[in-house]
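Throughout, read-outs are computed from the coordinates displayed, never taken from laboratory work. This is a predicted model, so every value here is computed, not measured. Cβ coordinates were reconstructed from backbone atoms using ideal geometry, including for glycine residues, and neighbour counts include every protein chain displayed.
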Amino acid sequence: MKNILRIDTKAGISADRFAAALIGLGVPEQDMVQVIKYTAENLGMLDAHTHLEFLPNEVPAHRLHLTPLEEQEALPWNETPAVLEMALSRAKVEETYAHFAQRTLSILRAAKVQTSSLSPEQTVHLPIIGSAHTPYKHKAPYQPQPENLNDGEFYIQISSQYAAATQGLNTFSHIFVLSYLNQSLEPEITVRPPWKDDDKRYGAFATRSPNRPCPIGLTRVRLHHVEGERIYTGPLDLFDGTPILDIKPFIQTLDGKANEEDTGNDGWLEGSDHLELHRLGIPHAHPGGSGSLDQPQIMIALLTGIAYGLQHLKVAIDSIICTYPVNTGTGNVLESATQVILEQYKIPNQSESVSGELVTPDGAAILAALSPTFIKAEAMPSEDKNIAYGLGGQYFNNSPALGALPMLLVE
C-alpha cells in the first residue's frame, strides 16, 4: 500500500531540505547519508551528515549538511542523465522512483540551459592567442603571492602567428593577462557567497566569481622576460592550459596612479575577513553555497538519496499533495532557473520580503517533477505530531526556524 505525501511550502523548498524531511518521516538516517555519500564517492569527495535541531516550541527538525571536500571540475550537464541512471541502479531504486529523479534532473537541466544560452546575436567570437602554463592541474591559488614561485614554472605560450605582437613587451615590469576560464561552472547571474553567514545574493558583476555569464579572467602579474613565443611571468592564478585571450602592458602612469579623491574602495567586501584571506593569498575552502551545491554531481547524489527515501517510505508519487502559494522568499534573489521552472510548470507562488531565497532551482524542479495536487495552505494540518521538518545547509537570517520544510505522510 502506498502512502500519501503532503508538502507544506510556506517556507519554500530545496533538495537538501526535502531529503532531511524524509529522514524525519522515517527513512533511516544512516541509510540516507550512506546512499548520498556512496553516490558522491563515484563523482568526487563529499561530506554528508545530519543532526537534530529544535525549532520554537521544542519541535525537532533534521538538518542535512553537504560539504564538498575538494575542488573539482563540474560534470557536464549533457553527461548527467547517464550518470544518474547508473547511480539509481547502484542504489537499487525502483523504476517509479527512478523516473521521478530523472525527470527532476531533466527539468533542472533544461532550465539551466535556457537561462545560460545566448542567441547568435548576443555572442562574439574571439581568437585564442595562446595558453597559460602553470603547475596547477586541479587547484590554483585565489591570489598568487611571491612564494608561489616555488610551485613551479609559469609562462604563457603564444601562438606562432601572434609572436611578433610581443615586441617591446619586455620593457614593462608587469602585464595584464585576460584569460578564458574554461573550467568555470554553470554561469550565475546572482551569487550567494558561500563563506557568508547570511543568504544575501550579489550580482555576478559585483563579485569575482569565475562562474560568470562571460567567464573572462583578469590577472595582473610580474613579467620576467620574453623568450621567443614564451612570456615568462610570476605566479599566475590559472589552471595549466587555460586559454589566453589577450595581453596588455601595465603602464604605471596610466594604471597605477591615483589621487586622494580616486583611490577606490572594497565595496560590499569592505572589512571582510574573507577578503583578507584573498589579499594575503592564504589557501582556504569555499564550502557550501549555491555555487558548490548546485554542481551537477552533487545534485545527482542528492536526487539518488531522495529517490531512495521516497521508495523506502512507499510514497505514492502520482498522489503528492502540496500547499500553495509556494513562498519563494524575497523575489529579487531568485535564480533565473528557478523563475523559469515556476513559470513554465505553472507552480503558484508568491514572494515575501521577510526572507531570502527560499526556493532553489532544484527545489522548483522537484515540485515540477512531482506534479502535485495543490491545496490552500490552511488545509494543511499544522499541529499533527507526525509532521517532519527538514533543514538544509543554508541558514536564513541566523534563524533555525526560517526555511524549515514541513512534510506529512498519510497512510
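Add +1 for every Lys or Arg and -1 for every Asp or Glu among the other residues with Cβ under 14 Å from the Cβ of Ile156, and state the total.
Here the charged neighbours net out to -2.
Kindly put Val124, Val177 in sequence by how many other C-beta atoms sit within 10 Å of each C-beta, fewest to most.
Taking fewest neighbouring Cβ atoms as first place, the list is Val124, Val177.
Just order 381-392, 357-368 by mean Cβ neighbour count inside 10 Å, highest at the front, would you? Write down the numbers at each step before the final one.
On the way: 381-392: 17.3, 357-368: 27.2.
Ranking the peptides 381-392, 357-368 by packing returns 357-368, 381-392.
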